1. Within the set K60/K114; K69/K210; K28/K121, which residue pairs have Cα atoms separated by over 27 Å?
2. Could you give me the radius of gyration and the Dmax of the range 75-131, taking only the C-alpha atoms into account and expressing both in angstrom?
3. For the range 16-72, what mean projected area does the convex hull of the alpha carbons give, in nm²?
Amino acid sequence: MAPRFELEPHHRNVPDEELVADLQRVSKELAKPTVTIDQYNERGRFHSTSLARRFGSWLKALERAGLAKSRTLHISNDDLFQNLVEVWTRLGRQPKYSDLTSQSSRFSSGTYEKRFGGWRKALENFVTWANEGEVHANEPSPNESAPRRRTPRNINYRLRFLVMRRDNFKCCITGRSPATDPTVILEVDHIIPWDKNGETVMENLQTLAKEVNIGKSNLSMQSDD
């Protein structure tokens, strides 16, 4: 006999104490002083919205259970975007909503959705943020007798992403990529070394696998001896 179609269980009459106890149980399983909405939805008997409606908000539910407030509310946009850089680099392509799992990302897709009003809007804000990272060297003054540094040495997260995206998230020398080999770690390197007047601009940067970049650095040190 085929199973009957039934609605999901209705939790309106569940006692407050039962909801609180389940939230505390998840906290103990995680061995953490707080529980995020996503963590509860993965492990809880109920849904986070049931607790939020019952107690007025998710933070009030945590307070009722004697748990710390979730720190995910204080994540900066820069932290969220830097995490997207890491995920995008590992995948070698634009992440999908379903790509941001607890195994691949520090933050869930839902966190981005809540912050920016939707996954697509989160990606659009990320693109705007990343495009602000490109640096152009200032033209030297005609009165300058000696070359002077025109860009900083540090390659920020935004510029790193733009360079790796241009290079298709692959090592420019070996062609290796985290998308096909998870052991590969990509770095962005100056083609003309910064300490030899190389500038920190797109044209002077390249994507290298970590071991290649280390070997390049060792070779450069030997040639200076």
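1. On the way: K60/K114 18 Å; K69/K210 38 Å; K28/K121 35 Å.
Over 27 Å Cα-Cα: K69/K210; K28/K121.
2. When restricted to the Cα atoms of the range 75-131, Rg and Dmax are 10.0, 28 Å.
3. Working: hull surface 12.7 nm².
Answer in nm², one decimal: 3.2.
No value in this document is a laboratory result; all are computed from the given coordinates. Just so it is clear, the structure is predicted and the values come from calculations on it, not from any experiment.
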